[in-house]
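Q: I have a structure here, written as structure tokens, and I will follow up with some questions on it.
The values are calculated or read from the model by the stated rules, or taken from the named source; none is laboratory data. What you are looking at is a predicted structure, and each value in this text was computed from that prediction instead of being measured. As a convention, Cβ positions derive from the backbone with ideal geometry for all residues, glycine included, and neighbour counts pool all protein chains shown.
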Amino acid sequence: MELSYDLVVVGAGTAGIPCAAEAALGGARVLLVEKDQRIGGTLHISGGHMAAAGTRRQAERGIADSAEAHLADIRRISSGTAREDLIALVAENAAETVDWLDERGFAFAPETPRIVYGHEPYGTARTYYGVDEALSILAVYERLLDEAVATGRLDVWKNCPVVDLTVDDRGAVTGVTVLRGGQDVEVRARDVVLATGGFAADPELFLELEGAPLVSAAYPTSTGDGIILARELGAAVTGTGSFLPTFGGLPDPTTPGKANWSDRQLLIAAERPPVEIYVDRSGRRWVAEDEPSIDEKERALTRIEDMTFWTVFDDAMLESTRSGRPLVVGWTPEDLRARAGSREGVHSAGTLEELAAVAGIDPDGLVATAARYNEAVAAGSDPDFGRAHLPLPLERAPFYAIRNHAISLVTFAGLDVGSDLRVLRVDGSPIPHLYAIGEVIGAAATCGQSFCSGMLVTPAITFGRLLGRRLAATA
């Protein structure tokens, strides 16, 4: 059985859905293929942050902004490591993307646009998200897909992984092989777009491309399918060496290699001034715990063994959080005490030596570090790391340790593409009729080695819409 379309889009997520829908609404015959049983991909777990300058919503709130200012902020935050051609394309078109969502009934969180401080902040309020985070984007997408399907030009297949890209004698892509209903289905297409997402749910590929151990909070379908398919055709992977983790997550209580984002520690100094200390496996501190730049803390984390650390505190420190922000999202001091010793990665003991033994920290190192830290608290000055917030010494039993890992929500390496989003071979030549958008091109393309607010979701939507329209015009 062989079918034929103008365009096949592989992956019904943040980038793939608008690409397929725009192409179909523009007159092309389109197949949208998704390996999961539902559409949306990472929209089911993402915060859905977008960034755009010069939107109607900014104007309504009296916020003066421009694409040039947005671009300058991206360059500053990424230290010039993002792809200039791609970030310029995003900045120039992002306002139209956000206004388009607005026109289609996107449910903005009422406080947006705002400056978000989870990573290095913009200088202007230009970050947007929905009342239901990324699910608000999916709600718009579902209506959009219904409209596109109603034209008769869009088919959507779910539970259908793409297992191969077909090529002609010249190496040009001519279609895909789809596993559908237990059978291989050959689908011919003039163009194929890979929008399969990242690979932060595949430990082997993650170690190969990012060179780091994986502790993941990513969506389970993020297994690098598009990269694997395109590399079979000689596609280049770029952005390796740009990996930057999200700062700290508790290990999942049942699944090794996973982290829970829902019950994470509050480790951003702006959210909660730290009472605890951070130590590595040797028991030594490695950063100023009150360092205001989460970017600096994330970079420091990449330099310690296994990118694993423990927050260590005593009962007085724990009790001090009762009237403010908790150590762990949603946990009272009583919750934490009850879970110590039963919840994976959460430990308590009557002495620091005993705590180190049960947590997997070097006991001598931890005892020496605690003594050194207590001297700093008494003196009101931290000579080792310059920590300024020194509220309490570490001295009142019981003592606690919570294991944290550098966690991965997104991946930085990805398929190399040209300014037109065509996939490039290792020699720099384009693979005819093959395109890539979304996280499959890697976060480094639009964020560089940084987390830049909105510069993952916004490029995915923007590139998807732009490419879908362009490919429809040549149908």
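Q: Of the residues that sit in region 118-137 and are out of contact with any Phe, Trp or Tyr (no Cβ under 8 Å at 6 or more places or on another chain) and surrounded by fewer than 16 Cβ atoms within 10 Å (Cβ to Cβ), which one is farthest from Ala67 (Cα to Cα)?
A: The extreme case among them is Asp132.
Q: Applying the selection to region 413-446, what residues are in contact with a Phe, Trp or Tyr (Cβ under 8 Å, 6 or more places away or on another chain) and either at pLDDT below 95 or over 21 Å from Val193 (Cβ atoms) (or both)?
A: Within region 413-446, no residue meets the criteria.
Q: Across region 280-308, what is the total count of residues that are within 22 Å of Ala397 (Cβ to Cβ) and within 26 Å of the chain's Cα centre (by Cα)?
A: So the answer is 1.
Q: Turning to a different aspect of this structure: Taking into account only those residues within region 426-439 that are touching a strand residue (DSSP E or B) at 6+ places or on another chain (Cβ under 6 Å) and in contact (Cβ under 8 Å) with a residue 24 or more places away in the chain, which is surrounded by the fewest Cβ atoms within 10 Å (Cβ to Cβ)?
A: Among them, the one singled out is His433.
Q: Anything in region 363-403 that is of a type in the set (Lys, Arg) and either touching a Gly at 6+ places or on another chain (Cβ under 8 Å) or surrounded by 17 or more Cβ atoms within 10 Å (Cβ to Cβ) (or both)? List them, or say none.
A: Hits for region 363-403 are Arg387, Arg403.
Q: Also: The conditions are (1) at pLDDT below 85; (2) at negative phi, and Gly211 fails exactly one of them. Which is it?
A: The number of the failed condition is (2).
Q: Quick check: anything in region 336-350 buried (at least 20 other Cβ atoms within 10 Å of the Cβ) and among the β-branched types (Val, Ile, Thr)?
A: Yes: one or more hits.
Q: Out of the residues in region 60-117 meeting the condition of being touching a helix residue (DSSP H, G or I) at 6+ places or on another chain (Cβ under 8 Å) and basic (Lys, Arg), tell me which one is surrounded by the fewest Cβ atoms within 10 Å (Cβ to Cβ).
A: Arg104
Q: Tell me which residues, restricted to region 361-392, are assigned to a loop (DSSP other than H, G, I, E, B) and either in contact with a Ser or Thr (Cβ under 8 Å, 6 or more places away or on another chain) or aliphatic (A, V, I, L, M) (or both).
A: Answer for region 361-392, where residues must be assigned to a loop (DSSP other than H, G, I, E, B) and either in contact with a Ser or Thr (Cβ under 8 Å, 6 or more places away or on another chain) or aliphatic (A, V, I, L, M) (or both): Ile361, Asp362, Ala388, Leu390, Pro391, Leu392.
Q: Taking Arg469 as meeting all but one of (1) of a type outside the set (Asp, Glu); (2) surrounded by fewer than 22 Cβ atoms within 10 Å (Cβ to Cβ); (3) touching a residue at least 60 places away in the same chain (Cβ under 8 Å); (4) not in a helix (DSSP H, G or I), write down the number of the exception.
A: Failed condition: (4).
Q: Here is a further query. Taking Asp36 as the residue in question, decide whether it is in a helix (DSSP H, G or I) and within 23 Å of the chain's Cα centre (by Cα).
A: no
Q: Looking only at residues in region 224-243 that are part of a loop (DSSP other than H, G, I, E, B) and in contact with a Lys or Arg (Cβ under 7 Å, 6 or more places away or on another chain), which one is farthest from Gly41 (Cα to Cα)?
A: Gly234
Q: Among the residues of region 369-386, is any of a type in the set (Phe, Trp, Tyr) and within 25 Å of Thr221 (Cα to Cα)?
A: No.
Q: Tell me, yes or no, whether region 418-441 has at least one residue that is in a loop (DSSP other than H, G, I, E, B) and either in the same structural domain as Ala269 (by TED's automatic domain parsing) or within 26 Å of Glu298 (Cα to Cα) (or both).
A: For region 418-441, residues in a loop (DSSP other than H, G, I, E, B) and either in the same structural domain as Ala269 (by TED's automatic domain parsing) or within 26 Å of Glu298 (Cα to Cα) (or both): absent.
Q: Find the residue count for region 169-198, including only residues that are within 22 Å of Gly234 (Cβ to Cβ), of a type in the set (D, E, K, R), more than 29 Å from the chain's Cα centre (by Cα) and crowded, with 16+ Cβ neighbours inside 10 Å.
A: The total comes to 1.
Q: Report whether or not Leu209 is in the same structural domain as Arg396 (by TED's automatic domain parsing) and not in a loop (DSSP other than H, G, I, E, B).
A: no
Q: Then there's this: Could you say which residue among Gly226, Gly248 is closer than 30 Å to Gly428 by Cα and of a type outside the set (Lys, Arg)?
A: Gly226
Q: Scan (1) free of Cβ contacts under 8 Å to residues at least 12 places away in the same chain; (2) closer than 18 Å to Val156 by Cβ for the single condition Asp168 breaks and write down its number.
A: (2)
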